[in-house]
Amino acid sequence: MEPYEIIAGPLTLWLAPIGTAFPLIGVAPAGPWTKLGASGDRNYSDDGVAVMHSQTIQKIRPAGAIGAVKAFRTEEDLMLTVTLWDNTLEAYTVALGGAAPTVTAAGVGTAGTKKIGLSRGQSIKAYALLARGLSAYGDGLAAQYEVPRCYQSANPNPIYRKGVPAGLQLEWSALEDSAASSDAERFGRLIQQHQAALP
């Protein structure tokens, strides 16, 4: 419903190995893309997915001037954050570095188990990230963030208590993509549909 440019609704996140081709907008992600959360955005806290564009600016003030006469951007970051309400080990391991759970099948008199280690080690696993939501150009149109390289940089602190879901705080920090088609796409791109496909 108009005004289309005012949008409300969650993003849904998918992860894949670095170098995986991003799906066309409007096409369902296929393997190796894996949805974050067993039920996608139904496993995210009501805070939703936050997208943060941060920067550090260095202002130049010559001795003879009171105000800044020039500015340089010395740092910039792109981060997406979400609190995940999915405590399966397949989700938990993403918060701790991405090692697949070890599975032990049930046997006579022994329960089947899955386990992950709780230390992360020195190496940091990087991913390609896809975040899908609504377009600001019309009902039924999609938008997607495509981040070619990122890593999970938050310190998850799940709290187990009565009546409140235990959440894993996740923060996806973008890394520059040296294969980007332009400097403007070093952290990836945001694509929004503005017209439906022709029949």
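The values are calculated or read from the model by the stated rules, or taken from the named source; none is laboratory data. Note that the coordinates shown come from a computational prediction; the quantities given were computed from them, not determined experimentally. In this analysis, Cβ positions are derived from the backbone assuming ideal geometry, glycine residues included, and neighbour counts consider all displayed protein chains. In case anyone asks, the SASA skips ligands and DNA or RNA and just uses the protein heavy atoms, side chains included. Shrake-Rupley method; radii C 1.70, N 1.55, O 1.52, S 1.80 Å.
Things worth noting here:
- Which numbered condition GLY31 misses (of (1) at pLDDT below 95; (2) surrounded by 10 or more Cβ atoms within 10 Å (Cβ to Cβ)): (2)
- Search result, residues across region 1-17 that are surrounded by fewer than 16 Cβ atoms within 10 Å (Cβ to Cβ) and within 25 Å of ALA179 (Cα to Cα): PRO17
- Per the listing THR81, THR93, the residue uniquely surrounded by 17 or more Cβ atoms within 10 Å (Cβ to Cβ), within 22 Å of the chain's Cα centre (by Cα) and in a helix (DSSP H, G or I) is THR93.
- The sole residue among GLY121, GLY107, GLY117 that is over 21 Å from the mean Cα position of the chain (by Cα), surrounded by fewer than 13 Cβ atoms within 10 Å (Cβ to Cβ) and either acidic (Asp, Glu) or under 20 Å from PRO17 (Cβ atoms) (or both) is GLY121.
To keep it simple, each residue is scored yes or no on (1) in contact with a strand residue (DSSP E or B) (Cβ under 9 Å, 6 or more places away or on another chain); (2) at pLDDT 95 or above.
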| residue | (1), (2) |
| --- | --- |
| TYR145 | yes, yes |
| PRO148 | yes, yes |
| TYR151 | yes, yes |
| ALA154 | yes, yes |
| LYS162 | no, yes |
| ALA166 | no, yes |
| LEU170 | yes, yes |
| ALA174 | yes, yes |
| ALA179 | yes, no |
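- Among residues of region 87-105 that are at positive phi, those with a beta-carbon under 6 Å from a residue that is crowded, with 17+ Cβ neighbours inside 10 Å at least six positions away or on a different chain give the pairs GLY97/LYS125; GLY98/LYS125.
- The set of residues from region 6-53 being part of a loop (DSSP other than H, G, I, E, B) and hydroxyl-bearing (Ser, Thr, Tyr) comprises THR20, SER39, SER45.
- Of everything in region 143-176 that is of a type in the set (Ser, Thr, Tyr) and in a loop (DSSP other than H, G, I, E, B), the residue that is least open to solvent (accessible area, probe 1.4 Å) is SER153.
- Enumeration of residues in region 124-142 that are charged (D, E, K, R), out of contact with any Ser or Thr (no Cβ under 8 Å at 6 or more places or on another chain) and either modelled with pLDDT of 95 or more or surrounded by 16 or more Cβ atoms within 10 Å (Cβ to Cβ) (or both): LYS125
- The set of residues from region 40-70 being surrounded by 10 or more Cβ atoms within 10 Å (Cβ to Cβ) and of a type in the set (Ser, Thr, Tyr) comprises TYR44, SER45, THR56.
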